[in-house]
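We did not get these values from a lab; they are worked out from the coordinates using the rules stated. None of the values given here were measured: they were computed from a predicted structure. A quick note on method: Cβ atoms are made from the backbone with ideal geometry, for glycine too, and the neighbour counts reach across all protein chains shown.
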Amino acid sequence: QVQLVESGGGLVQAGGSLRLSCAASGRTFSSYAMGWFRQAPGKAREFISAISRSGGGTLYADSVKGRFTISRDNAKNMGYLQMNSLKPEDTAIYYCAASDLVVTATINEYDYWGQGTQVTVSS
């Protein structure tokens, strides 16, 4: 098993940036693909980005492509989501998750989840 804890959320103005972090503990972090998801009030949880175990492969939702960058540091058991050019519609709780698969955008293929961190973008 792996335990995940997100941090780095907060309140930012539109056009600003935030960097989310995901700290992993337990089983070797490099054994898992990592994903970021978000859930806005009244909406379903949605895929944002994913990165393969080695970091060599990445996936992005169209809504964040070109603005968000996913990365990981397996030596530090850390994952990151750099968010630039933030928009009010990016407001949500952001979750990191881990999957036994190589890399996936499918929410049901993630077995481990953090508790989430709130991101609020003001207009």
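Hey, what did the chain get for relative contact order, percent, Cα under 8 Å, at least 6 apart? Numbers along the way, then the final one.
Details: 323 pairs, mean separation 44.7, N = 123.
The normalised contact order for the chain reaches 36 percent.
Based only on Cα atoms, what mean projected area does the convex hull of the range 5-95 have, in nm²?
Details: hull surface 23.2 nm².
The orientation-averaged projected area of the Cα hull of the range 5-95 comes to 5.8 nm².
Which far-off residues, 5 or more places away or on another chain, put their amide H under 5 Å from the one on Arg27, with H placed in the peptide plane?
Result for Arg27 returns Val2, Gln3.
Set Lys and Arg Cβ to +1 and Asp and Glu Cβ to -1, take the dipole of the chain about its Cα centre, and tell me which of Phe29, Leu11, Tyr95 lies farthest positive.
So the residue furthest toward the plus end is Leu11.
Please state, as a whole number in µm²/s, the translational diffusion coefficient that the Stokes-Einstein equation yields for the range 70-117 at 25 °C and 0.890 mPa s, with Rh defined as the Kirkwood radius across alpha carbon pairs. Don't skip to the answer; put the middle values down first.
Details: Rh = 12.5 Å.
Reported coefficient: 196 µm²/s.
So if I take the centroid of the Cα atoms in the range 43-64 and the same for the range 85-116, what is the distance between those two points in Å?
Answer, in whole Å: 7.
Charges only on Cβ, +1 for Lys and Arg, -1 for Asp and Glu: so what's the dipole of the chain about the Cα centre, in debye to the nearest 20?
Working: 11 positive and 9 negative charges, 41 e Å.
Here the size comes out at about 200 debye.
Each residue of the range 31-36 in order: what ³J(HN,Hα) in whole Hz does its phi give by Karplus 6.51 cos²θ - 1.76 cosθ + 1.60, θ = phi - 60°, with x for Gly and Pro?
Working through the residues one at a time gives 7, 10, 6, 10, x, 10 Hz.
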